[in-house]
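The values are calculated or read from the model by the stated rules, or taken from the named source; none is laboratory data. Worth saying up front: this structure is predicted, and the values here are computed from it rather than measured. Positions of Cβ are backbone-derived with ideal geometry, glycine not excepted, and every protein chain shown enters the neighbour counts.
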Amino acid sequence: MRKILVFVFALSLYPGLKADAQYYYENSRYFGSDFTVEVGGSFGIMNALTDLGGRKGVGKKFIKDLNWKNSKPAAGFYLAGTYRDAIAVRVEATFGTVQAYDSILKSVKTTTYGRYERNLSFKSKITDLQLAAEIHPLFFKSYDEDPPRISPYGVIGVGYYSFDPRTKFNGQWYALQPLHTEGQGAEGLTGTQPYKLSQLNVAAGFGVRYELNSIFRARLEFVHRFLNTDYLDDVSTTYVDPGVFNSMLTPSQAALAQQLFDRQGELTPGHVTDVGAQRGNPNNKDAFFTIQLKVGIVLGRQKR
């Protein structure tokens with residue numbers, strides 16, 4: 001990552017080092033050099049696709065189960081080095097929050113096959129650091145003058161993100177990962193090791209770039225993060241025997257875990273959940289995405 005930052009910074013210096021730099025096109029607004037650097041900020045929304053919440057019916061894959069009511073604000077900043085406006089490499093930091101709760105399904109609970117009655121919820125802050133490439137197909141063609149001001153593009157990259165799922169109980173927020181709510185790491189439970197709160201992701205998306213003038217650019221961009229975990233919301237597999245918490249946690253932690261791992265009794269007093277009953281679906285990994293408006297300053301152009 002440090003080498004990439006040095007490379008992008010070097011690109012920003014390149015156009016200013018040579019007053020007689022060669023420009024690969026010109027138009028009525030500016031001369032365009034081979035290399036430019038863009039630095040900017042972004043603001044928009046962040047949302048997640050997890051086991052919790054969703055829409056009516058049985059849980060579905062991808063956006064078929066997306067509930068837009070869970071969208072939360074997200075913001076960030078980025079630095080990109082671009083060659084001939086066609087190919088760019090950028091580093092970006094994005095900060096936001098994801099959340100979901102089964103109670104959102106109350107109005108359609110008769111269709112959700114027990115998802116509403118599960119009564120679980122989570123919220124997590126997200127910090128995502130991304131290294132990505134942009135491909136602008138319209139600029140694979142050479143322009144002597146007046147290139148397009150609007151450029152659709154694709155994005156693909158890798159990211160490193162952190163999360164920390166929490167839930168609200170009796171007016172307080174509690175971190176769920178330390179409570180091992182599905183018995184992660186307990187002796188005799190195979191395939192359920194504790195999950196890490198910082199992991200890699202794969203990012204892919206698309207956007208539209210618009211040249212406001214010789215200095216400023218604007219973008220509207222959607223980027224989806226594919227995760228290698230099903231525990232963004234702390235829900236994945238089945239309900240465990242509540243006695244397992246006594247063997248791996250302190251007495252106070254075990255008592256809290258026994259109240260938070262299964263909250264169906266809050267809606268249906270006296271409810272008894274069978275050990276091994278479905279709590280989540282481990283076959284579908286979690287994901288989160290952003291839709292953002294970006295505004296950047298372009299360095300490396302000479303205004304006419």
Residues (of a type in the set (S, T, N, Q) and crowded, with 24+ Cβ neighbours inside 10 Å) located in the stretch 222-238: Ser236
Taking Thr192 as meeting all but one of (1) farther than 19 Å from Leu120 by Cα; (2) surrounded by 19 or more Cβ atoms within 10 Å (Cβ to Cβ), write down the number of the exception. (2)
Those residues that are over 14 Å from the mean Cα position of the chain (by Cα) and buried (at least 20 other Cβ atoms within 10 Å of the Cβ), I need them from the stretch 50-77; list them, please. Asp51, Leu52, Gly53, Gly54
Kindly indicate which of Asp144, Asp85 is surrounded by fewer than 13 Cβ atoms within 10 Å (Cβ to Cβ), modelled with pLDDT under 95 and not hydrophobic (A, V, I, L, M, F, W, C). Asp144
Inspect the stretch 239-249 for any residue being aliphatic (A, V, I, L, M), surrounded by fewer than 19 Cβ atoms within 10 Å (Cβ to Cβ) and more than 26 Å from Gly157 (Cβ to Cβ) and give the result as yes or no. yes
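Yes or no, residue by residue, for (1) more than 21 Å from the chain's Cα centre (by Cα); (2) of a type in the set (Gly, Ala, Ser); (3) closer than 29 Å to Leu260 by Cβ:
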residue	(1), (2), (3)
Glu92	no, no, no
Thr112	yes, no, yes
Arg118	yes, no, yes
Ile126	no, no, yes
Gln130	no, no, no
Ser142	yes, yes, no
Tyr153	no, no, no
Tyr160	no, no, yes
Being of a type in the set (Ser, Thr, Tyr), modelled with pLDDT of 95 or more and surrounded by fewer than 20 Cβ atoms within 10 Å (Cβ to Cβ) is true for just one of Tyr161, Tyr174. Which residue is that? Tyr174
For the stretch 146-165, which positions are in contact with a Phe, Trp or Tyr (Cβ under 9 Å, 6 or more places away or on another chain) and either of a type in the set (A, V, I, L, M) or part of a strand (DSSP E or B) (or both)? Ile150, Ser151, Pro152, Tyr153, Gly154, Val155, Tyr161
Screening Ala255, Ala175, Ala203 for residues that are touching a residue at least 12 places away in the same chain (Cβ under 8 Å) and not polar (S, T, N, Q) leaves only Ala203
All but one of (1) closer than 30 Å to Glu134 by Cβ; (2) in contact (Cβ under 8 Å) with a residue 40 or more places away in the chain; (3) not basic (Lys, Arg) hold for Pro148, so report the exception by its number. (2)
Have a look at Pro137, Pro152, Pro147 and point out the one that is more than 30 Å from Gly265 (Cβ to Cβ), of a type outside the set (D, E, K, R) and in contact with a His (Cβ under 9 Å, 6 or more places away or on another chain). Pro152
